[in-house]
Amino acid sequence: MKIIKTKMEDLFQVKTKRWEGISMKRLIQVLSVVLSMLFILGSVSIAEEVPSLNLKYNPQYRPERKDKCIPQYKDWKEANWPVPFEDPNSKLPFWVRNWNYWARKTGNKEWIAWGRRLAKPEAIKLGLEWIKLNGIDCSKIVALSKIAPEMRPGVVITQQNWKKYEKGLKELWPKSLWLRLTNNCYIPIRKVTICPTQHIYKSKGVLYWTKKYLNHAHIDKEGMMDLSKDNYVAGVPFPFVPTCAKWDDPKMSLGERYGDKYAWWIVHDMDRLIVGQDHLSFNPIILPLHDRHAKLERTQKWGLYWRVYWGRMDLPPMPYVPGQEDIESKGSVVATYPFDVRGFAATRWRYCDKNKEALFMCYLPALRRTRRLSGSDTQDPILGTDLTWEDWKAWWQKISQKIWPSKAVTLRAEE
């Protein structure tokens, strides 16, 4: 064994000039010491940043709300969801236990790894704080819902069995989406796996600025919102979302209780958070283009860069860039592949003034010229694709009644 060990050390000697003569065994020892130090330092920094949590979880927890329109059940047996608790005495929140129980049951390594991330103390603390702020626990509402009870975690829907779940698909999905499970569609969906509902929480920075400017933002009589120090500064402008008007009266519109302000609240919440972060960069972002039979025709590659100037919540300077208080955001795209679109570039400046049109400039490599485009015309296709500029960012155009008159209407109440 000693002879074999010696030969292995000689075989794996590092052959670089700087490290020549140092065996692999010695190199591993050095790396082990360095990694140990990094682990200790990392543990200290994490321990200083995240305080210890004493989580006391009540399985029958219901968020306190004035409108009290969340469905109430005496126990989980009344729900259409399988009992999600593997350990009834666990202090972990519902959405964490529900996912981990299901992931371990499936044995999927990626889902199990995601469950470990959900169970981290800092993730649990952030989730509980958002539930307290919003007043609702979406994972519980879905678990207790009586809409489409056949859509349970673990159900796999394919193009062969989708008719079995047609009723539930029509209740939960828009027609344009569930039709993609059929063969008569543009880009078909091959398979859908139902997973337990999870929250999509924003960062600690978004939570901080939302609390700081709580009830600070407001909309005018036309549903518009100014980005200014006297109105919206940072955070989620309208974090309190009324869950419903009356659960027992599905025909009653949310607008009958809250007016059309409710619809505009949702519009502005999405508009402010659609980018998702202060800086955004995709290099490259890949656009696969398919034909009517879902066969790949060609692929485009772009560089995408975006920066928020007003309403910054995670990266300094916050909450806005000094000296450029009139700019809401700037973004640019650059085509890099294939050759016929390579070199095309576009940049867009969006202003805080709700009635000021965005500055939209592009460079056309074939003409070697720069052209200014309309900041309010967002329905043109992007370089030979079926994707419009409006699809690119959901609200690419300015939300303004002066530039583009529009109306937001609330629909019937649903769980």
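None of the figures in this text is laboratory data; all of them are computed from the coordinates on show. Small disclaimer: the values here were computed from a predicted structure and weren't measured. So basically every Cβ, Gly included, is an ideal-geometry build from the backbone, and we count neighbours across all protein chains shown.
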Quiz item: With respect to the cross-link table entries Lys146/Lys202; Lys125/Lys204; Lys91/Lys204, which display a Cα-Cα separation exceeding 18 Å?
Solution: Lys146/Lys202; Lys91/Lys204
Quiz item: What net charge do the residues around Asn355 carry, taking every other residue with its C-beta under 14 Å from that of Asn355, with Lys and Arg at +1 and Asp and Glu at -1?
Solution: -2
Quiz prompt | Estimated distance in nm for a label pair at Leu387 and Leu179, the labels positioned 7 Å out from Cα along Cα-to-Cβ | solution = 2.2 nm
Practice problem: Could you work out the local net charge near His279, counting Lys and Arg as +1, Asp and Glu as -1, over the other residues with Cβ closer than 12 Å to its Cβ? | Solution: +1
